[in-house]
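The values are calculated or read from the model by the stated rules, or taken from the named source; none is laboratory data. Only a predicted model underlies this, so the values are computations on that prediction, with no experimental measurement involved. Quick reminder, even Gly has a Cβ in these numbers, built from the backbone with ideal geometry, and neighbours come from all protein chains shown.
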């Protein structure tokens, strides 16, 4: 299982939000690239970047910080937030992003997701963010009537590289991940799943490891790393010591 540090960017600063609420913001660094370098230097194999302003305003907003990160680290980057068209997808991939994450588009423009998967094979990840099992979109400001598991099934066979599943109620709360819902999503599809939301301790990592057999290949963690509740090197050692299933 891969441990994936998160760098969330708002106003060109590295921040963490509670359950996606913009008013519940903690600034951890004025230099997102320095934070990305820190995780890369500690051995991260993939870094998760979110343009929070982009997600809210539906277009890229922190390009300067994102480009600085890309120039600063050699670790693959997956990036989401405000990506709603092919031009933006192409721009980010041309800039050096390894994988682009589409979220709201999976609900509002599923044809875009399918086209992107065809044009950029292996480069498109879909972020499914759910509140009490229902998909939330537009920077989590709207909860839809679509079940997360139903959306995951709809994405089968179009070439999505992975699903990032976030339980919004757990995000930033450091209360442990939603193991049951994550397992449900992973077992509903053949697409690899990355868990997100709630990881706070090394015990949470250990509790996620049995989900590898269900198709959970990684976990994104942010606030716990920044607060010091979780040590990245220790988490990677625990995750990578488990034999492949």
**Request:** Go through region 25-51 and give me each residue that's in contact (Cβ under 8 Å) with a residue 60 or more places away in the chain and out of contact with any strand residue (DSSP E or B) (no Cβ under 7 Å at 6 or more places or on another chain).
**Result:** 42, 43
**Enumeration of residues in region 53-77 that are out of contact with any helix residue (DSSP H, G or I) (no Cβ under 6 Å at 6 or more places or on another chain) and in contact (Cβ under 8 Å) with a residue 60 or more places away in the chain** = 55, 56, 58
**Item:** Residue in region 30-38 that is under 18 Å from the mean Cα position of the chain (by Cα), surrounded by fewer than 18 Cβ atoms within 10 Å (Cβ to Cβ), at pLDDT below 95 and assigned to a loop (DSSP other than H, G, I, E, B) present
**Value:** no
**Asked** Hey, among the residues in region 161-175 that are touching a strand residue (DSSP E or B) at 6+ places or on another chain (Cβ under 9 Å) and assigned to a loop (DSSP other than H, G, I, E, B), which one's nearest to residue 78 (Cα to Cα)?
**Response** 161
**Prompt:** Here are 81, 133, 90, 96: which of them is farther than 22 Å from residue 153 by Cα, surrounded by fewer than 19 Cβ atoms within 10 Å (Cβ to Cβ) and in contact with a helix residue (DSSP H, G or I) (Cβ under 7 Å, 6 or more places away or on another chain)?
**Reply:** 96
**Fill in**
The one condition residue 158 fails out of (1) touching a residue at least 24 places away in the same chain (Cβ under 8 Å); (2) in a loop (DSSP other than H, G, I, E, B); (3) surrounded by fewer than 16 Cβ atoms within 10 Å (Cβ to Cβ) is (3)
**Request:** Report, by residue number, each residue of region 221-245 that is out of contact with any helix residue (DSSP H, G or I) (no Cβ under 7 Å at 6 or more places or on another chain), closer than 15 Å to residue 46 by Cβ and at pLDDT 95 or above.
**Result:** 236
**Item:** Selected residue (criterion: nearest to the chain's Cα centre (by Cα)) from residues of region 170-202 that are surrounded by fewer than 16 Cβ atoms within 10 Å (Cβ to Cβ) and modelled with pLDDT under 95
**Value:** 173
**Request:** Report yes if residue 17 is closer than 21 Å to residue 177 by Cβ, modelled with pLDDT under 95 and within 18 Å of the chain's Cα centre (by Cα), otherwise no.
**Result:** yes
**Item:** Residue pairs meeting the criteria (Cβ under 6 Å; at least 6 apart or on separate chains; first at negative phi, in region 183-199; second in a loop (DSSP other than H, G, I, E, B) and surrounded by 24 or more Cβ atoms within 10 Å (Cβ to Cβ))
**Value:** 195/177; 199/177
